[in-house]
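Q: One structure follows; several queries about it will come next.
The values are calculated or read from the model by the stated rules, or taken from the named source; none is laboratory data. Bear in mind that the values here come from a model prediction, so they are computed numbers and not experimental data. For neighbour counting, all protein chains shown are included, and Cβ atoms are generated from backbone atoms with ideal geometry for every residue, glycine included. In case anyone asks, the SASA skips ligands and DNA or RNA and just uses the protein heavy atoms, side chains included. Shrake-Rupley method; radii C 1.70, N 1.55, O 1.52, S 1.80 Å.
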Amino acid sequence: MTQQATDKQALTETPADSISPAQVADYLASHPDFFNQHAWLLEKLYVPHQRGTTVSLVERQTSLLRERNQLLHGHLSELIEIARHNDVQFDKTKRMVLSLLEAQTLDDVAIAIEESLCQDFYGDDARLILFSDTPFDVNSLRILSKADCSIVQPLIEISLPSCGQLSEAMNRFLFQENAARIQSAAVVPLVKGETLGLLAIGSFDPDYFQSSQGTLFLSYVGEVLSRILMHILYQPRI
């Protein structure tokens with residue numbers, strides 16, 4: 001532990017009301033080099049240096065430095081909080097990707113996505129739709145031809161994640177029986193050479209997904225999911 005940290009700990013452990021101002025004054029008078037050895041205390045002190053209504057340049061500079069120090073402390077706290085948030089997001093994303101890598105069937109993929117997005121990432125509904133004219137034996141996702149998905153064609157064509165409030169018709173198509181409760185949504189086209197389908201994530205909160213929010217995480221989810229789906233869809237069948 002540094003001397004500065006030791007000094008700070010000693011000060012915080014000493015009750016402030018057990019020392020009188022006179023004692024402090026006497027101590028400083030007998031130790032004129034005190035602030036040379038404890039320079040960090042100068043950042044905390046307010047020492048007016050004023051004649052009449054005029055503030056000295058020294059006092060003004062000290063005030064500015066103190067304000068700048070507080071501002072830097074605030075920025076540092078924000079950066080630390082962002083780093084902690086990113087660590088949590090990384091752990092959640094890693095769990096989702098590992099679950100997807102373990103998926104053997106399309107139903108496994110749909111279940112892994114729903115559990116991750118609705119539990120770890122606090123979505124209220126997650127739906128996976130795949131485009132195919134060939135029927136598949138599935139229970140946890142929908143297999144539709146592209147012709148049957150014309151209502152969401154604008155979301156498919158942009159090939160990028162979309163966030164915000166959807167039309168009533170799109171909500172009904174994507175979220176079916178839960179459509180009336182979905183107030184905002186994110187829709188991710190799943191593209192790997194061709195458009196394989198759509199991932200739709202819904203929220204009961206109208207502000208949870210907004211058109212102005214970043215879509216980096218959603219794009220990453222779409223890329224991972226598209227590759228895993230492509231592998232399952234085109235693996236040899238016995």
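Q: Name the residues in region 87-105 that are touching a residue at least 60 places away in the same chain (Cβ under 8 Å), part of a helix (DSSP H, G or I) and open to solvent by 100 Å² or more (accessible area, probe 1.4 Å), would you? Walk me through how you get there before you give the answer.
A: Start the filter on region 87-105 by keeping residues that are touching a residue at least 60 places away in the same chain (Cβ under 8 Å), which leaves 89, 93, 96-97, 100-101, 103-105.
Retained after the next criterion (residues that are part of a helix (DSSP H, G or I)): 89, 93, 96-97, 100-101.
Of everything in region 87-105, just one residue is touching a residue at least 60 places away in the same chain (Cβ under 8 Å), part of a helix (DSSP H, G or I) and open to solvent by 100 Å² or more (accessible area, probe 1.4 Å), namely L101.
Q: Only one of (1) touching a Lys or Arg at 6+ places or on another chain (Cβ under 7 Å); (2) modelled with pLDDT of 95 or more; (3) buried (at least 16 other Cβ atoms within 10 Å of the Cβ) is not met by K192, so which one is it?
A: (2)
Q: Name the residues in region 113-133 that are surrounded by fewer than 19 Cβ atoms within 10 Å (Cβ to Cβ) and over 16 Å from P189 (Cα atoms), would you?
A: Listed by number, the residues that qualify are E114, E115, C118, Q119, D120, F121, Y122, D133.
Q: So which of I151, I156, I201, I228 ends up being in contact with a helix residue (DSSP H, G or I) (Cβ under 8 Å, 6 or more places away or on another chain) and not in a helix (DSSP H, G or I)? Quick ask: steps written out before the conclusion?
A: Details: I151 fails: not in a helix (DSSP H, G or I); I156 fails: not in a helix (DSSP H, G or I); I228 fails: not in a helix (DSSP H, G or I).
Just a single option satisfies the conditions, and that option is I201.
Q: Does region 159-175 hold any residues that are among the aliphatic types (A, V, I, L, M) and not in a helix (DSSP H, G or I), and which are they? Talk me through it step by step, then tell me what you get.
A: As a first pass, look at region 159-175 and keep what is among the aliphatic types (A, V, I, L, M): 160, 166, 169-170, 174.
Correct list: L160, L166.
Q: Just give me the residues in region 127-137 being at pLDDT 90 or above and closer than 12 Å to L233 by Cα, in sequence order. Walk me through how you get there before you give the answer.
A: Restricting attention to region 127-137, the residues satisfying the condition of being at pLDDT 90 or above are 127-132.
Residues satisfying the conditions are L130, F131, S132.
Q: Can you go through I143, I232 and tell me which one is closer than 20 Å to L98 by Cα and over 23 Å from the mean Cα position of the chain (by Cα)?
A: Details: I143 fails: closer than 20 Å to L98 by Cα.
Just one listed residue meets the conditions, I232.
Q: Just to be sure I understand, how many residues within region 204-225 are in a loop (DSSP other than H, G, I, E, B) and either under 16 Å from L117 (Cβ atoms) or open to solvent by 70 Å² or more (accessible area, probe 1.4 Å) (or both)?
A: Quick first cut of region 204-225, residues in a loop (DSSP other than H, G, I, E, B) only: 204-215.
When the remaining residues are screened for being either under 16 Å from L117 (Cβ atoms) or open to solvent by 70 Å² or more (accessible area, probe 1.4 Å) (or both), the result is 204-205, 207-213, 215.
Count: 10.
Q: In this structure, does Q235 turn out to be open to solvent by 20 Å² or more (accessible area, probe 1.4 Å) and in contact (Cβ under 8 Å) with a residue 12 or more places away in the chain? If you could, list the steps in order and put the result at the bottom.
A: On the way: open to solvent by 20 Å² or more (accessible area, probe 1.4 Å): yes; in contact (Cβ under 8 Å) with a residue 12 or more places away in the chain: no.
Spelling it out, it is not the case that Q235 is open to solvent by 20 Å² or more (accessible area, probe 1.4 Å) and in contact (Cβ under 8 Å) with a residue 12 or more places away in the chain.
Q: If F136 satisfies every condition in (1) closer than 24 Å to K92 by Cβ; (2) open to solvent by 40 Å² or more (accessible area, probe 1.4 Å); (3) not charged (D, E, K, R) but one, which is the exception?
A: (1)
Q: So how many residues does region 149-184 have that are open to solvent by less than 80 Å² (accessible area, probe 1.4 Å), of a type outside the set (S, T, N, Q) and without any contact (Cβ under 8 Å) to a residue 60 or more places away in the chain?
A: 16
Q: Note down all Cβ pairs under 7 Å where the first residue falls in region 207-230 and is in contact (Cβ under 8 Å) with a residue 40 or more places away in the chain, the second is in a loop (DSSP other than H, G, I, E, B) and surrounded by 15 or more Cβ atoms within 10 Å (Cβ to Cβ), and they're at least six residues apart or on different chains.
A: Between residues of region 207-230 that are in contact (Cβ under 8 Å) with a residue 40 or more places away in the chain and residues that are in a loop (DSSP other than H, G, I, E, B) and surrounded by 15 or more Cβ atoms within 10 Å (Cβ to Cβ), the close pairs are T215/P161; L218/P161; S219/P161; G222/P161; I228/A103.
Q: Just to be sure before I move on: is L57 of a type in the set (A, V, I, L, M), within 46 Å of the chain's Cα centre (by Cα), open to solvent by 90 Å² or more (accessible area, probe 1.4 Å) and at pLDDT 70 or above in the structure I sent?
A: On the way: of a type in the set (A, V, I, L, M): yes; within 46 Å of the chain's Cα centre (by Cα): yes; open to solvent by 90 Å² or more (accessible area, probe 1.4 Å): yes; at pLDDT 70 or above: no.
For L57, the condition - of a type in the set (A, V, I, L, M), within 46 Å of the chain's Cα centre (by Cα), open to solvent by 90 Å² or more (accessible area, probe 1.4 Å) and at pLDDT 70 or above - is not met.
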